[in-house]
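Working notes for the structure below.
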Amino acid sequence: MKLRSLLIIFIVASLTSSAQKLRKDKNYFISAIGFWNVENLYDTLNDVWKNDEEFTPSGTNAWTGPRYWTKIDRLAEVISQMATDVTPDGLAILGLCEIENKSVVEDLVKNVRLKKRNYKVLHIEGPDARGVDPSFIYNPTYFTVTKSVSYHVTLPDTGYKTRDILVISGLFNGEPLSVLINHWPSRRGGELKSRQGRINAATMARHIADSIVKLNPETKIAIMGDLNDDPTNESVKKHIGTYGDVKEAVAGDYFNPMEKLFADGIGSLAWKDSWNLFDQILLNKPFLGEYFSWNYYTVRVFNKAFLKSDHGNFKGYPFRTYSGSAYTAGYSDHFPVYIVIAKEKK
């Protein structure tokens, strides 16, 4: 396979404090894998099977065609810039959440800002009452899909349906990789009251990942998503089983590069003047070896100034599409995140 623009470069080793080292006397191919909660990407049509009425022209959000296409262009603007300082192809893989259907993601990847990348889309409809699900886009130059499936998450309140976990397996330039895209239950009703739902989601995600690794221990696993918990919360630390220092790698557990960022006060969303880092990418040990294969290099929260609100009570917060019921024409209430991966050029 021809890899048109995998960069053979050395990246300055001080990108973030969560970076592994690249040797100055070596050249590397570079790529990137990301995740973004794009905040309610709905079309303008009323789907009778979903509670989407507020995102219609006559609904409370007055969600019209012009607003929809502005949202699509805003999202494409961001995705087109992510990781382009290290590779001109930008993201090879991007997990998304709060997606109504496959059609809206197809509109997104066809946007003029992204069209040249030839992104492909995978989306499976789930049981969420609002009709929002995880989705997956990928550059076929880098990734070949072999399997896609979604798994239900059972909650303590069995009358409430939450988002499925979308699992995409395939080959990243010939190397086995499985991506689990999550959007765990929210903190509605309070963190403590809602905690068990996220523990259930974490337990399911870990079970799926363990099943994949059992079949092939060399498979790289990326568990990504809006977890509605921080890196230090029980669902992540205990029920996924994570650690924050690559020097403490445990074969059966997952490295969380966001743990150090969170300790340094970096977040992906803000609430009541406090930052959370709910948007995370967790990696198993095969991602942490030498760069003879594709391995983790560093992590970033993409929080450029243009993605932040520049005035009012929410100055510095992510610049969202709606502030309450007021349309603000922003991007999302979350910043996107991504990891940079590298492979030594032979």
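The values are calculated or read from the model by the stated rules, or taken from the named source; none is laboratory data. Remember, predicted model here, so these are calculated numbers, not experimental data. Don't worry about glycine lacking a Cβ; one is built from the backbone with ideal geometry, like all the others, and counts go over all protein chains shown.
When restricted to residues that are assigned to a loop (DSSP other than H, G, I, E, B), of a type in the set (G, A, S) and over 20 Å from the mean Cα position of the chain (by Cα), the range 257-291 contains 1.
Screening H311 on (1) touching a helix residue (DSSP H, G or I) at 6+ places or on another chain (Cβ under 6 Å); (2) modelled with pLDDT under 95 shows it passes everything except condition (1). Restricting attention to the range 121-142, the residues being surrounded by fewer than 21 Cβ atoms within 10 Å (Cβ to Cβ), touching a residue at least 24 places away in the same chain (Cβ under 8 Å) and closer than 26 Å to E175 by Cα number 4.
For the range 298-342, the set of residues classified as basic (K, R) and surrounded by 22 or more Cβ atoms within 10 Å (Cβ to Cβ) consists of R300 only. Where strands (runs of 3 or more DSSP E) fall wholly inside the range 55-164, the ranges with 1 or more residues that are over 18 Å from S332 (Cβ atoms) and of a type in the set (S, T, Y) are 133-138, 143-151.
Being surrounded by 18 or more Cβ atoms within 10 Å (Cβ to Cβ), within 30 Å of E344 (Cα to Cα), free of Cβ contacts under 8 Å to residues at least 60 places away in the same chain and not polar (S, T, N, Q) is a property that holds for K285. Of all the residues that make up the range 293-346, how many are among the hydrophobic types (A, V, I, L, M, F, W, C), in contact with a Gly (Cβ under 7 Å, 6 or more places away or on another chain) and part of a strand (DSSP E or B)? Residues flagged as among the hydrophobic types (A, V, I, L, M, F, W, C), in contact with a Gly (Cβ under 7 Å, 6 or more places away or on another chain) and part of a strand (DSSP E or B) within the range 293-346 amount to 1. Against the conditions (1) farther than 30 Å from V246 by Cα; (2) in contact with a strand residue (DSSP E or B) (Cβ under 7 Å, 6 or more places away or on another chain); (3) basic (K, R), R74 satisfies every one except (2). The set of residues in the range 237-274 that are surrounded by 15 or more Cβ atoms within 10 Å (Cβ to Cβ), of a type outside the set (D, E, K, R) and out of contact with any helix residue (DSSP H, G or I) (no Cβ under 8 Å at 6 or more places or on another chain) comprises P257, M258, L261, F262, I266, G267, S268, L269, A270.
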